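> Pasting in a structure now, in structure tokens, and then I'll have a few things to ask.
The values are calculated or read from the model by the stated rules, or taken from the named source; none is laboratory data. Worth saying up front: this structure is predicted, and the values here are computed from it rather than measured. Ideal geometry is used to build each Cβ from the backbone, glycine not excepted, and the neighbour counts take in all protein chains shown. Calculation scope for accessible area: heavy atoms of the full protein, side chains included, ligands and nucleic acids excluded. Shrake-Rupley method; radii C 1.70, N 1.55, O 1.52, S 1.80 Å.
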Amino acid sequence: QSLIGVAVFASNVHFARSSGYFATETEAQPLLHTWSLAVEEQFYLLSPLLLMGLGRRSKDRIRVVLVALAVASMGSALWGLPNTPEKVFFAMHARGWELLLGAWIAARPKPRPAGGRRNLIDEAGAAIGLMLLAIAIACFDAQTPMPGLYALVPTLGTALLILNATESTHVGRWLGHPALVRIG
């Protein structure tokens, strides 16, 4: 069943129905990791349809719609977490805000040239992003409720790193060290 779910980009639906991510029986499910790929594929299939449906509206209106969808997605996650945590963990509608943040980063205007105040902003943003990821790695475990507000910590940390950890920042140079790049 999980193999069929993978083939049709719906393994997240299969795993939401069968068990939670950290349940003991999941150790015998080698395709469990594909749930997040299914969420991404669902997003990649639906978002172009949404954008086509919005037509040639102004970029500001499109941004408003996308922000509204992200807020609704986070609201769905917050509502579903206490009621059906296993189902909402795997649900695209509760994870969409994370992907919308990534889409916003990809579509943002090109950053200003480096220098002066911009370097300070990049240094601070990269350091805060790395700190948020370190907090998530060190402090989150199977009991951390996801994908609610706690998901903001690694998601915003990653966004800050993508936006600010350039070759001109200490964090960017550290993360770009050949040994760390080789590890992946």
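> Cβ contacts < 7 Å: first residue farther than 20 Å from Pro145 by Cα and at pLDDT 80 or above, restricted to the range 1-28; second residue small (Gly, Ala, Ser) and surrounded by fewer than 19 Cβ atoms within 10 Å (Cβ to Cβ), any location; separation 6+ or different chain. Result?
Hits for this filter: Ser11/Ser2; His14/Ser2.
> Here's a follow-up. Which pairs do you get when a residue that is within 19 Å of Ala10 (Cα to Cα), found in the range 73-96, comes within reach of a residue that is surrounded by 17 or more Cβ atoms within 10 Å (Cβ to Cβ) and of a type in the set (Val, Ile, Thr), reach meaning Cβ atoms under 7 angstrom, with the pair 6+ apart or on two chains?
Ala77/Val88; Met92/Val39; Ala94/Val88; Arg95/Val39
> Evaluate the following for Glu40: is it charged (D, E, K, R), open to solvent by 40 Å² or more (accessible area, probe 1.4 Å) and modelled with pLDDT of 90 or more? Reasoning before the result, please.
Working: charged (D, E, K, R): yes; open to solvent by 40 Å² or more (accessible area, probe 1.4 Å): yes; modelled with pLDDT of 90 or more: yes.
Spelling it out, Glu40 is indeed charged (D, E, K, R), open to solvent by 40 Å² or more (accessible area, probe 1.4 Å) and modelled with pLDDT of 90 or more.
> Looking at the range 53-67, I want the residues that are over 12 Å from Trp104 (Cα atoms) and of a type in the set (A, V, I, L, M) and have a partner that is part of a helix (DSSP H, G or I) and open to solvent by 100 Å² or more (accessible area, probe 1.4 Å) with Cβ atoms under 9 Å, at least 6 apart or on another chain. Which pairs are those?
Leu54/Arg61
> Write out, first by first residue and then by second, each pair whose Cβ atoms fall under 6 Å of each other, whose residues are 6+ apart or on separate chains, and whose first residue, in the range 152-173, is under 9 Å from Glu123 (Cβ atoms) and among the hydrophobic types (A, V, I, L, M, F, W, C) while the second is at pLDDT below 95 and open to solvent by less than 50 Å² (accessible area, probe 1.4 Å).
Listed pairs, sorted by first residue: Val171/Ala165.
> Among the listed residues Val67, Val88, which satisfies the condition of being open to solvent by 40 Å² or more (accessible area, probe 1.4 Å), among the β-branched types (Val, Ile, Thr) and at pLDDT 85 or above? Walk me through how you get there before you give the answer.
Working: Val88 fails: open to solvent by 40 Å² or more (accessible area, probe 1.4 Å).
Result: Val67 is the single residue among Val67, Val88 that is open to solvent by 40 Å² or more (accessible area, probe 1.4 Å), among the β-branched types (Val, Ile, Thr) and at pLDDT 85 or above.
> Exactly one condition in (1) surrounded by 16 or more Cβ atoms within 10 Å (Cβ to Cβ); (2) closer than 30 Å to Ile62 by Cβ is not met by Gly75; state its number.
Looking at each condition in turn, Gly75 falls short on (1).
> For the condition basic (Lys, Arg) and buried (at least 16 other Cβ atoms within 10 Å of the Cβ), what is the one hit in Arg108, Arg95, Arg182, Arg173?
So the residue among Arg108, Arg95, Arg182, Arg173 that is basic (Lys, Arg) and buried (at least 16 other Cβ atoms within 10 Å of the Cβ) is Arg95.
> Working only within the range 140-184, note down all residues that are over 27 Å from Glu86 (Cβ atoms), in a helix (DSSP H, G or I) and among the aliphatic types (A, V, I, L, M).
Leu160, Leu161, Ile162, Leu163, Val171, Leu175, Ala179, Leu180, Val181, Ile183
> So in the range 159-173, with the set limited to residues that are of a type outside the set (Val, Ile, Thr) and within 23 Å of the chain's Cα centre (by Cα), which one is farthest from Ala106 (Cα to Cα)?
The extreme case among them is Gly172.
> Test each condition in (1) open to solvent by less than 90 Å² (accessible area, probe 1.4 Å); (2) free of Cβ contacts under 8 Å to residues at least 40 places away in the same chain; (3) touching a Gly at 6+ places or on another chain (Cβ under 9 Å) for Thr144 and report the one that comes out false.
(3)
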